[in-house]
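Written below as structure tokens is the structure these notes are about.
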Amino acid sequence: MYERKIPKDLDCGMAMIMEIIGGKWKPCLILNISRGFRRPSELQRLNKKASRRVLHQQLKELEEFGIITRVVYAELPPKVEYSLTDLGSSLLPVIGTMDDWGSQYMDNPQNLPIINGLKKVS
């Protein structure tokens with residue numbers, strides 16, 4: 001196993017949440033699993049640009065943090081499904097806000113996105 005030369009500094013909330021959901025595909029995986037897409041093949045189809053290896057690695061990390069659970073059914077061929085834990089469900093407002101912000105930005109990058117009816121004023 002790889003051992004980090006510089007230990008992670010997780011002394012603030014932002015560092016902690018980025019450790020858990022930071023990753024190119026983790027927020028998408030959490031959102032897709034919450035929407036009922038649970039099989040690895042479904043998640044791969046929804047995230048076409050991600051390799052199977054990367055998706056598997058990020059799913060494994062989410063499982064280690066207790067965000068998702070992995071159930072393997074004893075049948076041939078083996079069937080695997082993922083679901084959100086209560087801890088994972090508690091991230092949905094954060095992930096939803098990120099999704100809203102990104103969608104608004106994509107639609108019109110010149111305007112400031114409005115989150116929860118509030119527009120940030122500089």
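The values are calculated or read from the model by the stated rules, or taken from the named source; none is laboratory data. None of the values given here were measured: they were computed from a predicted structure. Heads up, the Cβs are rebuilt from the backbone with ideal geometry, glycines too, and the neighbour counts pull from every protein chain shown. With ligands, DNA and RNA removed, areas are computed over all heavy atoms of the protein, side chains included. Shrake-Rupley method; radii C 1.70, N 1.55, O 1.52, S 1.80 Å.
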Checklist outcome for this item: Taking R0 as 30 Å and r as the Cβ-Cβ distance between R53 and M14, the FRET efficiency 1/(1 + (r/R0)^6), rounded to the nearest 0.05, comes to 0.60
Next on the checklist: I need the calculated FRET efficiency for the pair A74 and M106, taking r as the beta carbon distance and R₀ as 35 Å, to the nearest 0.05.
Outcome noted: 0.25
Checklist outcome for this item: At q = 0.10, 0.23 1/Å the base-10 log of I(q)/I(0) from the Debye formula over the alpha-carbon atoms of the chain is -0.39, -1.37
Item to check | Structure-based [θ]222 nm, the chain - -39500 (n - 2.57) summed over DSSP H runs of at least 4, per residue, nearest 500 | outcome: -14000 deg cm²/dmol
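Using a 1.4 Å probe on the protein chains only, how many percent of the accessible area of the chain belongs to carbon and sulfur? Show your work: numbers first, answer last.
Values: 5080 of 9030 Å².
Result for the chain: 56 percent of the exposed heavy-atom area is carbon or sulfur.
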Next on the checklist: Pick from Q110, Q44, Q57 the residue whose mean-square fluctuation is largest in a GNM of the chain, springs joining Cα atoms under 10 Å.
Outcome noted: Q110
Checklist entry - Accessible surface of D86 in the full protein assembly, 1.4 angstrom probe, to the nearest 10 Å²? => result 140 Å²
Next on the checklist: Quick check for you: with a 1.4 Å probe and neighbouring chains kept, what is the accessible area per residue of the chain, in Å²?
Outcome noted: 74 Å²
